[in-house]
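> A single structure is presented below for examination.
Laboratory data are not the source of any read-out in this text; all were calculated from the coordinates shown. Keep in mind that what you see is a predicted model, and the values were worked out from it rather than measured. Heads up, the Cβs are rebuilt from the backbone with ideal geometry, glycines too, and the neighbour counts pull from every protein chain shown.
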Amino acid sequence: MSYKNLDQFINALEKAGELIRIRQFVNPVLEISEIVDRVSKSQNGGKALLFENTGTEFSLLINSFGSEKRICLALGLKNLNDTGEKITTLFNQLSTSKTNFWEKLKLLPTLKEISSWMPIHKNGSGSCQEFVMPSPDLGKLPILKCWPLDGGRFITLPLVNTLDPQTGTRNVGMYRMQVFSPDSTGMHWHRHKTGARHYEAYKKAGEIMPVAVVLGGDPVYTYAATAPLPDNIDEYIFAGFLRNKPVELVKCLTQKIEVPADADFVLEGYVDPSENLAWEGPFGDHTGFYSLADWYPIFHLTCITHRKNAIYPATIVGIPPQEDAWIAKATERIFLTPIRMAIAPEIIDLNLPIEGVAHNLAIVKIDKSYPGQAFKIMNAMWGAGQMMFNKVMVVVNSETDIFSSKDVLKAVLSNATDINHFAVQMGPADVLDHAAKAFTYGGKLCIDATVKLTEEITLEKSNEFENVKKYNLPEIQSLLNKTTEVTGFNALLIEEGFGVLFLGMKKNRKGQVYDLILEIAGNNEFFGIKYFVVFDHDVSLKNISILTWLVLSNIDPVRDCYFKKAENSFYAIIDATRKNAKIDNYQNEWPSIISMDKETILNIDKKWASLGMGNFIQSPSLF
């Protein structure tokens, strides 16, 4: 299935009962974000929202990918696993040995289908060029300021089209764009991204870099721009594969570059690599923290074109869950088959939990057949494309339900019972990983939570999970209340039989976290607790999902995870506190957690009843 433009997708959403139209004026500066944050965190991701009164001539669509149902609608799927099955069938057809002429002849329909995914180059203009703004003015678009500390307004769903200057190979990436003026923005491509490599190639050649930014069109284009494709794989070929229809391309009016003919908007322009970089950011990012300001190239607009009745697409990111979590979930399902085929055939399934904000946590289910296989998977996955950014990996056996957090935790507590079952090492880190030891370089942790074979057993004692059920919880609570450095604790997992304890403390000296846990763990009442996780004193310890997100965000495993042997067993100390120069020798600025300001929250509270949004939803920023 394919959509000609966002209007068609909106009609499909509305027909499926997945859209709310908001006709009252809502300010793109903060107010739209506050509404979306409330809706996206409601049951099943709420609904897609169409803001029809933005103070401009254009409506704004947001949260359109924000549930499994809507991401399937966007990609024309009944189930997110359907594409993986299609890839498997295609691979089997192409890779199976053909012994005679007739078997080879049977491949012709498959090859014809593959050829039908290739982009079509259309002469003349496309609907994306029905209206031309020769003096481009970004102020005419409903561009969001998402969060109070953002450096300005940001285009948040841009499909940035660039070309390799040597080969002409196209890349379509998604890089946020901060508005600097009516005709200029930042171009926030990270050092690992293809857009940045193209930029460096133009810089080396001493040439101006043409760029075209697409907004809207078939929602498949937006997904394709986020997909972790191998280098030199054209995103529009992938989009053609997903929608089973080729993408029709037309030439831009002012740049030597092609774009989808059915886009809603096209921002044409260039980047001059010889020009000084601009200070871009901060920005409330998908990690749930503000990414800090830094120096990035400037994109200069030469023209804006759009179709009649164009819809402006946008998204916000922040503390999970948000809309981007479902885009990541689609990637997890779609790319599981290529991972199996190209990296490790013993992988059965993969889960990238929402709390891990795509990169911080991967749970891998394998068909285990030999000792050390979990660490073989670790090395294979950390060496594969964007999986190099993964911070924590948990590898489990086939019987573990990797989509049940309690089942995974039971596997960890039962099977990772010795220091040798953990691998900690340095490696590439995501640009947005604020806890990393250095910029884009930090620690990684792999937990081998598979059932151990004879060669892997190093302890006489097994099934440590059973020990935690013998705790005397009142005595544990009493001891913690008497420990002056402990400002709070959450023992809910211990109550359920899991040896994990969350603690709060006010940190004021070096080594304090480590010393505190050594003191506590020395008491017999704490024997069998395997994970002591320490947070700052001002962190609410009530919500385990939020705590999981926070610990994954705030640790560098090499610096912040300590594994201690104890009586034929071990326990782990995890320092999830904020880091600073004085105590932790952390030299960077620690970013703020994203939260909406009180004035905006109050304004939306007052407006809510008139928005047609249904029952009142309280601001997540108040929790």
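> With Cβ to Cβ distances under 15 Å as the rule, what net charge do the other residues near Glu455 carry (K, R +1; D, E -1)?
Taking every other residue near Glu455 into account, the sum is 0.
> Mind jotting down the distance between the C-alpha centroids of region 595-623 and region 373-431, whole Å?
Using only Cα atoms, the two centres lie 39 Å from each other.
> Taking R0 as 22 Å, what's the FRET efficiency between Ser116 and Lys4 from their Cβ-Cβ distance, rounded to 0.05?
Efficiency at R0 = 22 Å is approximately 0.80.
> In whole Å, what are the Cα extents of region 107-313 along the three principal axes, biggest one first?
Here the Cα extents, ordered largest to smallest, are 55, 37, 36 Å.
> Any idea which of Ile544, Cys561, Gly528 is furthest toward the positive side of the dipole for region 466-584, if Lys and Arg beta-carbons carry +1 and Asp and Glu beta-carbons -1?
Cys561
> Same structure again: Once the Cα gyration tensor of region 172-272 is found, what semi-axes does its equivalent ellipsoid get, as square roots of 5 times the eigenvalues, in whole Å, sorted largest first?
22, 17, 13
> Right, here's the next one. List Ile555, Ile494 from most exposed to least, where exposure is judged by having the fewest other Cβ atoms within 10 Å.
So the residues, fewest neighbours to most, are Ile494, Ile555.
> What is the extension gain from Ser610 to Glu496, computed as 0.36 nm multiplied by their sequence separation minus the C-alpha to C-alpha distance, in nm to one decimal?
36.7 nm is the gain from fully extending Ser610 to Glu496.
> As a test, work out the antiparallel percent of DSSP beta bridges whose residues both lie in the chain, rounded to the nearest 5.
Taking every DSSP beta bridge with both residues in the chain, the antiparallel ones total about 70 percent.
> On to the next question. Over the Cα atoms of region 360-497, what radius of gyration and what Dmax do you get, in Å?
Cα only, region 360-497: 17.4, 49 Å (Rg, Dmax).
> Can you compute the modelled spin-label distance between Met388 and Lys140, with each label point 7 Å from Cα toward Cβ, in nm?
4.2 nm
> Extent of region 509-588 along each principal axis, from alpha carbon coordinates, in Å, largest to smallest?
Rounded to whole Å, the extents work out to 39, 28, 20 Å.
> In Å, the Kirkwood hydrodynamic radius of the chain over pairs of distinct alpha carbons?
Taking every pair of different Cα atoms in the chain, averaging 1/r and inverting gives 26.1 Å.
> List Arg70, Arg23, Arg38 from most exposed to least, where exposure is judged by having the fewest other Cβ atoms within 10 Å.
Arg23, Arg38, Arg70
> Also: Distance between the C-alpha centers of region 1-77 and region 518-566? Whole Å please.
Distance between centres, Cα-based: 39 Å.
> Which distance in nm do the two modelled labels at Asn11 and Thr483 give, with both placed 7 Å along the Cα-to-Cβ direction?
Modelled inter-label distance: 6.3 nm.
> Placing +1 at every Lys and Arg Cβ and -1 at every Asp and Glu Cβ, with all other atoms neutral, what dipole size does region 323-456 have around its Cα centre, in debye to the nearest 20?
Computed charge dipole of region 323-456: roughly 160 debye.
> Given the Cα-Cα distance of Thr167 and Ala438 and 0.36 nm per residue of separation, how much length would full extension add, in nm?
Computed gain between Thr167 and Ala438 is 94.2 nm.
> While we're here: Cut-off under 18 Å on the C-alpha distance; same-chain residues fewer than 8 positions from Lys506 excluded. Which lysines are left, in chain and number order?
Straight-line reach from Lys506, under 18 Å: Lys482, Lys542, Lys579, Lys582.
> Work out how much length Ile208 to Arg23 would gain on full extension: take 0.36 nm times their residue separation and subtract the Cα-Cα distance, in nm to one decimal.
62.3 nm
> Once you treat every alpha carbon in region 276-385 as an equal point and sum by Debye, what is log10 I(q)/I(0) at q = 0.09 Å⁻¹?
Results for region 276-385 at q = 0.09 Å⁻¹ read -0.41.
> Then there is this: State, to one decimal in nm, how far the label point of Ala423 lies from the label point of Ser405, with both points 7 Å from Cα in the Cβ direction.
Going by the 7 Å Cα→Cβ label model, 2.7 nm.
> Taking R0 as 41 Å, what's the FRET efficiency between Asn523 and Ser369 from their Cβ-Cβ distance, rounded to 0.05?
Given R0 = 41 Å and the Cβ-Cβ separation, E is 0.50.
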